[in-house]
Every structure is written in C-alpha cells, then in structure tokens.
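Chemist: Sharing a structure with you now.
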Amino acid sequence: MSYQYLSEEQRDRYRRFLTDPSPKDLERFFYLDADALVEVAKKRGPHNRLGWGLQWGTARMLGTFLADPGDVPHVVVDYVAEQLGVADPSCIKHYAERLSTQHEHAREIRELAGLREFAEAETELRVFVASRAAQTRDSRRELFDRAVVWLIENRVLLPGITTLAPLVTNVRAEQLAAVNEHLVEQTPVEMRRELLATLVVPVGEKVSPLEWMRTAVALLSGTGMKEALNRSVAVWASGAASRAARKRDHVMDETIGNVTGSVTGGDPPEQALESEGDDGEDALGADIAQFATLERKGPWLLAYLVARRVAPDMGRGVTIEQQSKCFGRNIYRRISAREFARRAGTSAKRVMALWEAWNRLAADGVVPPALDLHPGADVELPDEKQYPFYGKNGYYRSWEARPISAERREAIEREAAKAGTRPSAISYVIGHPTAVKTALLADEATRAAAREALEEFKARQAAADAADRAAAAEVTRQRQSEYDGARRAEREAFAAQARAAGDGSEADASMDVFHAMAEIRMAASRALSLLHKQQIRFTADRAQAIAELCDGAEAAITAVRDLATGSALDDAALAKFLDENGKLL
C-alpha cells in the first residue's frame, strides 16, 4: 500500500489520540476563547455544549472531526467540561445520538476557526514539501510528519492517510529528480570525466581515489591530521581541471569577441590563449593514460558498480535499514536491478547480465562476490586482456541482456553448442528479424544457409514424428498384450472354478452355481449402470470384443438355465457348448 513506508506509530496516531495531551497542548488547542464561548452558549443542553467544545479542540489539534466526538481521553473531557461548567462530564454519551447536530456543529467550527479543506491548500503543501526535499535530507517519514504539522498549523483539515502519504512520496521523488538533473547539467564534461576516473583503482593501489577521499582518518595524531589535510587538498583539486577548462572557454569567448571587435576598429589582446598554458603535454598524457585505463578496465568498472549497488531480491527480503541494525553501517546501500535500470536509463536484463558477469569472475576467485562487497574492501579491477569481458570466452553473456524467454535462451545455447558458435551471435540475429529478411533478399550465401537450415529442420521434424509414431505403436502393442493376457487369465479362472465344482459334493456344487449366476447378474447390472451414467465411446476393436463376450455369456446362461430347470441337454450338446466357449474342460 502507498503508506507502508510509515512506521506503525505514525499510522496509529494519524488523526487519533494515542496518549493524553500535555497541559501545554490542552491550553493551546482546547482552550475556548471569547468567540467560542459565545457560540457554545447558544447550544441547548450540557451534552451539546460539551460536544461542541470537544469538536472545537479536536479539529484544531488532530486536523479532523472524529466520527465519535466523545472518543477522546478523559483528561480532555474534564478540561472542556470545567470551562463550560458542566457538572457531569459523562453526559457526553448523549451527544452521539443525533448525527445531524454533530454535522451542524462541525460546519460552525469550520467557519469560526477558519479551517480549510485539503483541496484548497494542496498546492501550498506541495510547495512546502518540495522546498524541504530540496534543502534538507529529510526521509519520507520525516517529510510526512512535517507535512502533518504544516497542515495543522495552517488550519487545514487532514486528508486520508492514503492521500497524504503518496503525495509526500511523489513530491519528494520529483524534487530529488529535478535536483539531480540540475546538478548534472551544471557539471562540466571535464569534471564528469574526472569524477569517473576517481572510481578506477590505480595500478599498485588497493582502493579507488574516491574511496580513499571519502574514508575518514582514524588516527588522532599529527600524522592523522596531515593525512586528513592531504585528502582535503585532493578533494579540492579534483575540480581544478574543470575550472581551468571553464576559464579557457571564457578566454576563448572573449578572444572571439575581441577579434570581431577588431573588424570594427577594436584592438584585440595579443596571445590570449598562450598566456593560460593549461593544455600542454602533461594534460595530453593524462587524457591518454585515462583512456588506456578505461579501455582495459572500463567494462569491469561497470560490472563493479552494479555488483556493489544491486541486490536481485531487494524489496522482497531484508531492507537496508534492517541490515544496518544487524550488521552495522559498513554495507553498501543496495536497490533492485529494476530500480537501478530505471535510474540509469538502461534495461534490467542488462543490469543483471553485468551482475552475473561479476559473480562468474568471483567464482574463479579473482574478485569478491557481489553481495560480499562493502565500503573499505580492497577490490582491484581485473585487466580485460587477462580476464576478457566480451567475446566467446568472456564473462559477460550479451544474450542474457536481450528480452528473450528462458526457453528460447536454452534452445539458443543448445544449438550454439552443436554448431560451435557463440550464443550472442544467434540471439542478435533472432532479435533483428528485419535484418534477417534483408540479408536473405540481398545475399545468395545467406539464402543458401537458410535453405540448408530449413532442410535440416524438416529432417529433424520427420525424425521426431517417426519416433513419436514408434512410441505410440509400442504403447498399443503393450496394451493389446495386457488385454489378451487378462482374457486368458479370466478363462483359466473359469476353468479352475468348473473343476473345483466337479470335485465337490452335489449340495456345494448347486450353491456354487447359484453364487456364480448371482455374480453374473451383479456384473451385468454394474455394466448397465456405467453405460447409463457416462457417455462411453468404444473403439471398434473394443466394441467387437464386448459383443463376443455378451454372445458367449448369453449362450452360457442359456445352457445353465436348461440344466438347472431339468430341460433336455444331452452330453453331446454340452460337449459342443464347452468346445465353442474356450474348451475349458
């Protein structure tokens, strides 16, 4: 929710009483002046006068009218009752019986106290919050509290917390963005280059110049004082080149103006540029050295900046405030890859690709893992010649920075491994279909490669289809074998039952015949019930098999009925029946 950044105490006390007001607050907000006493005297009944007085103070202290005006601390009720001469403050419970009276009193208090609605003062509040955000380092919580105080002091009724909290967040974000943009615009290009150079760890050093300048001196001695002064000088000198560049630009402008003036009769100064002497061989050598450093370590510098400022799961786990309480302040403030990308004007996938590149290098033991980086850590950026950033064997996977799904990425890596090419080349091609189409139209070799790929794709598809058909045939064969085995087992069971019946007594045999026929009837009933409840579509083979079973069962039932009822069935007919139904005996 939009107000989740507020503390639980801030949310609880917003437009509510958490504790008893101090005597100073009672005197400031709940004291009834002469005008208020004149107005409250017009009300009939002590409960109406007491309720009016409570609403008067509550609106001025909390910036709102409570749904239940009597929901205030007892010390407030007693203080107002004493001013109005109400002997029984408990009569306030009758004030809530008529809402129309409360609303009428609220309108009177608005007019008498000069209270304004929030919409009338929203623009003024935005200006106040923006000014505080630009001039101070107040957090959102601090700005929220200051906004509440400003509204109460300017006699503005507080809006809902879901209105005020987002307003503070949005105004602060807009103002900070404007301040940052202004600072970037006002920073010369030379100074930006110098500031970037302070992030690079010089050869033979353990930390970058920026880390050295921002780390406080721990020794309280003459040596420590000297070290602190050296750092102050380094900080001051970090902008010297940019100031010299601005001076050169100023001299150039004046020279151009003077030369223009000489055409009209003015006298230009002689050797204006040579007098400065700022751009000599030393400056040229410094620029070349800086270029060489960035050429060798520039990509790893980008990965390092991402590694120490990004936590992929930030926002769903431990926050920076919780980390600081548990582990001290010696940690980097981290944000999510999406937020880092938004501020840097790039994509979250590219940020994560840089983050993964750093961790791959850390897995080789060259640098610390990203989440182990902390202020003061000795990190020397690797040389790209020794640890390549880009390329086939590079740590950076460019295809991870492209908007490709995980399934497509796996397919790309698999095909690249088969063909012996780089996945980044394949991902680039599939990410630019228009370029592929243009290459096919313009180049015969590309068309030949495309035809070869399509033929190979068709061959793979045909092989996959053949494998699927073979698998389906094997499944059909196994199911048919299982079905035939089940039918064989069933016939053998019938034969065993028949043999068992022949070995027993006549009474046992007659009871077995009765049970067998009862089971046949129950089985037939179950089959009818299944057919009635479900619309079953049988295959041709299955339907033929069921029909054969029904014919056989019908013949067997007829033979049993004839034998049981004493109908004539000679031995020859019985032997023929048994022979036709599986030769079980």
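Chemist: Which FRET efficiency value, to the nearest 0.05, do you get for L37 and E82 by plugging their Cβ-Cβ distance into 1/(1 + (r/R0)^6) with R0 = 22 Å? Spell out each step's value before the answer.
Modeler: Values: r = 13 Å, r/R0 = 0.59.
Efficiency, from the Cβ-Cβ distance: 0.95.
Chemist: Once the other residues with Cβ under 9 Å from the Cβ of L66 are scored (Lys, Arg +1; Asp, Glu -1), what is the net sum? Walk me through the numbers on the way to the answer.
Modeler: Values: positive: R15, R16; negative: D68, D71.
Net of charged neighbours comes to 0.
Chemist: Not counting ligands, DNA or RNA, and with a 1.4 Å probe, what is M352's accessible surface area in Å² rounded to the nearest 10?
Modeler: We get 50 Å² for M352.
Chemist: If I take R0 = 51 Å and measure r between the Cβ atoms of K385 and A464 in this structure, what FRET efficiency does the formula 1/(1 + (r/R0)^6) give, to the nearest 0.05?
Modeler: On the way: r = 45 Å, r/R0 = 0.88.
My answer for the efficiency is 0.70.
Chemist: For region 8-115, just say rounded, prolate or oblate: build the C-alpha gyration tensor, square-root its eigenvalues into a ≥ b ≥ c, call rounded for a/c under 1.5, and beyond that prolate if a/b exceeds b/c, oblate if not.
Modeler: Numbers: a/c = 1.37, a/b = 1.33, b/c = 1.03.
Taking the square roots of the gyration eigenvalues as a ≥ b ≥ c, region 8-115 is rounded.
Chemist: Just to confirm the filter: which trypsin sites (Lys or Arg not before Pro) across region 43-134 are DSSP coil and have at most 14 other Cβ within 10 angstrom of their Cβ? Show your work: numbers first, answer last.
Modeler: Working: sites: K43, R44, R49, R60, K93, R98, R107, R110, R116, R126, R132; in loops: K43, R44, R98.
Here the trypsin sites (Lys or Arg not before Pro) that fit, given the DSSP loop and packing criteria, are R44, R98.
Chemist: So, one more: What accessible surface, in Å², does a 1.4 Å probe find on L210, ignoring ligands, DNA and RNA and rounding to the nearest 10?
Modeler: 70 Å²
Chemist: If I ignore ligands, DNA and RNA and count only protein heavy atoms, how much of D71 is accessible to a 1.4 Å probe, in Å² to the nearest 10?
Modeler: The accessible area of D71 comes to roughly 100 Å².
Chemist: In this model, which of K349/K458; K226/K385; K206/K349; K42/K93 are farther than 27 Å apart at the alpha-carbon?
Modeler: Violating the 27 Å Cα-Cα cut-off are K349/K458; K226/K385; K206/K349.
Chemist: Could you order W212, W236, W355 by accessible surface area, starting with the largest, using a probe radius of 1.4 Å? Don't skip to the end; give the middle numbers.
Modeler: Numbers: W212 85, W236 170, W355 30 Å².
Final ranking, largest accessible area leading: W236, W212, W355.
Chemist: Quick check: net charge around E9, other residues with Cβ under 14 Å of its Cβ, Lys/Arg +1 and Asp/Glu -1? Mind showing how you got there, number by number?
Modeler: Details: positive: R11, R13, R15, R16, R141; negative: E8, D12, E142, D145.
Overall, the nearby charge balance is +1.
The values are calculated or read from the model by the stated rules, or taken from the named source; none is laboratory data. Quantities reported herein were computed from a predicted structural model and do not represent experimental measurements. As a convention, Cβ positions derive from the backbone with ideal geometry for all residues, glycine included, and neighbour counts pool all protein chains shown. Surface accessibility is based on the protein's heavy atoms, side chains included, excluding ligands, DNA and RNA. Shrake-Rupley method; radii C 1.70, N 1.55, O 1.52, S 1.80 Å.
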